[in-house]
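**Student:** One structure, pasted below without further comment.
Computed from the coordinates by the stated procedures, all read-outs in this text should not be read as laboratory data. Because the structure is predicted, anything quoted here is derived from the model rather than measured. All Cβ positions, glycine included, derive from the backbone under ideal geometry; neighbour counts span all protein chains shown.
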Amino acid sequence: MAFDVITPDRLGGEEVAVSPALTTLRTTPVHARDIVKTIDIANTNAFDVTASVYLVPDGDSASNDNILLPAVNIPANGVLQWTGAQVTREGGMIQANASSADVCVTVSGGEAV
């Protein structure tokens, strides 16, 4: 399948609040691929937190086999920005969790169809 059109977009919609429970930020649509270019993690707590982000293939679950950012530290009232290029395929998910509530994740990139 050829992917001719890439539409830049926030892949997780708007900012998504995450907590210790695993949160799905995005599921790659049918007949598409997502290109993850940046991930911003904002910590609005008055204390440091850790956060993890997973790129989970279709039919799989979040694990050390598909972790992109493993328990990275985000300082109090601070932001961590990851930049790069990763691809998720149809049915794949971008998932995240954090050591505390009041952590917001924004994923940007493009959807290729």
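**Student:** Filter the range 15-43 down to residues that are surrounded by fewer than 17 Cβ atoms within 10 Å (Cβ to Cβ) and closer than 15 Å to GLN81 by Cα, then give me how many there are.
**Tutor:** The number of residues fulfilling the criteria is 4.
**Student:** So which pairs qualify, if the first residue must be in the range 67-92 and over 22 Å from PRO8 (Cα atoms), the second must be assigned to a loop (DSSP other than H, G, I, E, B) and of a type in the set (Ser, Thr, Tyr), the Cβ gap must be under 7 Å, and the two must be at least 6 apart or on different chains?
**Tutor:** Partner pairs satisfying both residue conditions: ASN77/THR44.
**Student:** Do you know which residues across the range 84-106 are more than 10 Å from the chain's Cα centre (by Cα), buried (at least 20 other Cβ atoms within 10 Å of the Cβ) and within 15 Å of VAL72 (Cα to Cα)?
**Tutor:** ALA98, VAL103
**Student:** Select, from THR28, THR7, the only residue that is within 20 Å of GLY92 (Cβ to Cβ), touching a Lys or Arg at 6+ places or on another chain (Cβ under 8 Å) and not hydrophobic (A, V, I, L, M, F, W, C).
**Tutor:** Details: THR7 fails: touching a Lys or Arg at 6+ places or on another chain (Cβ under 8 Å).
Among THR28, THR7, only THR28 is within 20 Å of GLY92 (Cβ to Cβ), touching a Lys or Arg at 6+ places or on another chain (Cβ under 8 Å) and not hydrophobic (A, V, I, L, M, F, W, C).
**Student:** Let me ask something else about it. Can you confirm whether GLY12 is surrounded by fewer than 14 Cβ atoms within 10 Å (Cβ to Cβ), within 15 Å of GLY109 (Cα to Cα) and small (Gly, Ala, Ser)?
**Tutor:** So GLY12 does not fit the description; no.
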